[in-house]
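The values are calculated or read from the model by the stated rules, or taken from the named source; none is laboratory data. Computed from a prediction, not measured in an experiment: that's the story for all the values here. All Cβ positions, glycine included, derive from the backbone under ideal geometry; neighbour counts span all protein chains shown.
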Amino acid sequence: MHLAILTLGLCLSVAPLHAQTPAQPQPDAATIMARVAANQDRSAAERSHYVYTQHARVISRKGSTVRCEEITDARITPTATNSTQQLLKLDGRLLVKHHYVTYTHLPDPKDTGNTNVDNGDDDLSISIDDNGTMDRDLVESMRDSLIASNSKDGIAADLFPLTTTTQANYTFHLVGLEPLNGRQVFHLTFQPKNNSGATWKGDAYIDTTAFEPVVVRTTMAHNIPFAVRTLLGTSLPGLGFTVVYAPQPSGVWFPVNFGTEFKIHVLFFFHREIIVNADNRDFEQTHVSSTIHDAAPTPKN
């Protein structure tokens with residue numbers, strides 16, 4: 001009886017101590033993004049020790065009709081400053097005179113009038129009208145500028161304001177905590193500082209433990225200037241990007257998926273919808289060699 005009373009008394013005396021333990025304070029947006037910037041700067045350097053494959057699909061579509069589509073596999077080899085790409089496979093199709101012509105190679109830069117394509121049987125030399133040429137050029141230009149850039153990440157480096165340099169042009173606001181992709185994340189919004197010249201606004205979802213981005217979504221912060229739209233009839237409604245990050249077994253975080261879908265209106269008559277999706281996969285960590293330099297030799301007697 002006395003033992004039971006003593007045990008109950010201990011439980012009652014200990015319980016308030018647990019209830020009164022203060023919760024860890026939640027960091028503010030500036031603190032979170034400062035840690036993200038430092039991690040991104042470090043990750044950018046560590047990504048130079050990986051090679052991987054990028055599987056990409058780029059489409060130019062008018063209404064519901066696909067005008068041109070290219071699916072590629074490329075081997076990405078990052079360097080200390082950028083990356084090199086080796087095209088491993090290309091499957092393309094181009095709408096020419098109401099039927100699709102397939103091809104498996106990039107056009108010859110010396111070719112000025114005809115495009116060599118593979119129709120499944122023999123190589124053909126087909127004169128493609130301006131619309132066909134424009135669609136293929138558009139698809140390949142989008143791939144080159146957005147995902148075949150010189151970034152080590154396999155996506156254009158200036159699309160996401162996460163590094164120390166780019167963060168200086170943006171303000172961040174902490175929305176709160178959320179679950180996302182099996183992780184607990186800080187949800188932040190960002191937009192350009194006044195007169196910073198920055199392009200994007202959007203949402204960043206930051207892992208609460210690793211302080212690395214899990215998902216970043218962007219849209220244009222400013223419309224194309226009215227004078228440009230008036231003179232050229234140019235607009236890009238819906239332009240924005242989504243990138244998904246994940247850690248490798250070594251702990252280095254990499255972008256693993258990049259996607260965008262937007263429309264292009266140029267010169268009042270050219271209207272297209274562009275779809276880009278790229279997956280980075282088959283990561284391999286390269287061996288890092290180092291050289292140990294001995295101290296200055298001891299002078300001989």
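Condition test on GLY251, is it on the phi > 0 side of the Ramachandran plot and at pLDDT 85 or above?
Criteria met by GLY251.
Does TYR103 fit the bill of being touching a Ser or Thr at 6+ places or on another chain (Cβ under 8 Å) and at pLDDT 90 or above?
yes
Run ILE59 past the list (1) closer than 30 Å to PHE172 by Cβ; (2) modelled with pLDDT of 75 or more; (3) not basic (Lys, Arg) and report the number of the one that doesn't hold.
Here ILE59 clears every test but (1).
Give the number of residues within the range 159-194 that are of a type in the set (S, T, N, Q) and not in a strand (DSSP E or B).
8
The rows are residues; the columns are (1) under 26 Å from ASP144 (Cα atoms); (2) at pLDDT 55 or above; (3) in a loop (DSSP other than H, G, I, E, B); (4) over 20 Å from the mean Cα position of the chain (by Cα).
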residue	(1), (2), (3), (4)
GLY238	yes, yes, yes, no
THR260	yes, yes, no, no
ARG272	yes, yes, no, yes
ILE275	yes, yes, no, no
ASP282	yes, yes, no, no
THR291	no, no, yes, yes
PRO297	no, no, yes, yes
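As an exercise: evaluate LYS97 against (1) at pLDDT 75 or above; (2) within 30 Å of PHE241 (Cα to Cα) and give the number of the one condition it does not meet.
With (1) at pLDDT 75 or above; (2) within 30 Å of PHE241 (Cα to Cα) applied to LYS97, the lone miss is (2).
Determine the pairs where a residue that is within 15 Å of PHE190 (Cβ to Cβ), located within the range 31-49, has a partner that is hydroxyl-bearing (Ser, Thr, Tyr) and assigned to a helix (DSSP H, G or I) with Cβ atoms under 8 Å apart, the partner being 6 or more residues away or on another chain.
Pairs found: ALA37/THR164; GLN40/THR164.
Restricting attention to the range 58-74, which residues are assigned to a strand (DSSP E or B) and either surrounded by fewer than 16 Cβ atoms within 10 Å (Cβ to Cβ) or in contact with a helix residue (DSSP H, G or I) (Cβ under 6 Å, 6 or more places away or on another chain) (or both)?
Passing the criteria: VAL58, SER60, LYS62, THR65, ARG67, CYS68, GLU70, ILE71.
Got a sec? Which of THR171, THR209 is in contact with a helix residue (DSSP H, G or I) (Cβ under 9 Å, 6 or more places away or on another chain), surrounded by fewer than 20 Cβ atoms within 10 Å (Cβ to Cβ) and of a type in the set (S, T, N, Q)? Steps first, please.
Numbers: THR209 fails: in contact with a helix residue (DSSP H, G or I) (Cβ under 9 Å, 6 or more places away or on another chain).
Criteria check complete, one pass: THR171.
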